[in-house]
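Nothing in this text is a laboratory measurement; each read-out follows from the coordinates by a stated rule. Quick caveat, the model's predicted, so the values are computed rather than measured. Note that we place each Cβ from the backbone using ideal geometry, even for glycine, and neighbour counts take in every protein chain shown.
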Amino acid sequence: MRQNNTGCLTGFITGFSRIMLLMFWIARPVVMDAAFGSFLVPCLGFFFLPFTTLMYVMLQTSAVGGISGLDWLWLFLAALMDLASIGSAAYSNRDRIPAGYPGSTPQG
């Protein structure tokens, strides 16, 4: 069985975007309201796509005429980071399903 010895680094890396988004939301609630207009979208972004939500807020506040040009590249890279973090979590937890559950593979 493979040992996970990364410790606190894994927790910091996975929580970094959520911590930064929460701090930005606390420090600048007017900017968050201006970027989204409702509470639901940033709340869903906090749970499901935190890097993308944080990058969108940063790009929206710095852009004069909205997001355009190279801003879309940064937003796409943030979405890739979110998908990579979700995929890596699924890959690292693939052996944690107990035997006998649907989707489990026999050990041996």
Sequence-separation-based contact order of the stretch 8-92, relative, with Cα cut under 8 Å and 6+ spacing, percent: 28
Estimated distance in nm for a label pair at Ala27 and Ile67, the labels positioned 7 Å out from Cα along Cα-to-Cβ: 2.1
Trp74 paired with Ser92, simple spin-label distance in nm, labels 7 Å along Cα-to-beta-carbon: 2.7
Inter-probe distance in nm under a simple model that places probes 7 Å from Cα toward Cβ, at Ser38 and Ala84: 3.1
